[in-house]
Amino acid sequence: MTTAQDVEHLYRRPDWDCRVCGLPWPCATARAGLLHEYRAFPSLLRIYLSTQMYDALEDMAVTGEVTPLNLHERFLAWALS
């Protein structure tokens with residue numbers, strides 16, 4: 001049986017909101033999961049998140065969405081601490 005805790009909080013393109021909770025991805029649950037998954041290789045986490053940030057920026061530019069100014073904080077700043 002799958003519970004809500006077992007569901008992986010992934011992004012939905014092109015809006016980059018979480019498919020599960022609807023919050024901007026990476027949501028708090030996704031962040032916790034990513035920190036755990038990459039705990040032995042934090043530099044790889046930052047590379048992965050950088051790639052995701054640039055993909056999100058491209059999606060937002062293509063859809064004509066106003067690009068949020070906080071993409072660095074949203075995708076990377078929390079993983080640097």
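Once backbone amide H atoms are built at 1.01 Å from N, Asp17 has Arg12, Trp25 as its partners under 5 Å, excluding neighbours fewer than 5 places away on the same chain. When the solvent-accessible area of the chain is split by element, carbon and sulfur atoms take up 59 percent of it, the probe being 1.4 Å.
Taking label points 7 Å from Cα along the Cα-to-Cβ direction, Trp78 and Ser50 give a separation of 2.0 nm.
From most to least packed by mean Cβ count within 10 Å, the peptides 74-80, 25-31, 7-13 give 25-31, 74-80, 7-13.
When the GluC sites (Glu not before Pro) in the range 12-80 are filtered for DSSP coil states and for at most 16 other beta-carbon atoms within 10 Å of their beta-carbon, the remaining sites are Glu65.
The values are calculated or read from the model by the stated rules, or taken from the named source; none is laboratory data. Everything numeric here is computed off the predicted structure, so don't read it as measured data. As a convention, Cβ positions derive from the backbone with ideal geometry for all residues, glycine included, and neighbour counts pool all protein chains shown. The area values use the complete protein model at the heavy-atom level, side chains included, leaving out ligands, DNA and RNA. Shrake-Rupley method; radii C 1.70, N 1.55, O 1.52, S 1.80 Å.
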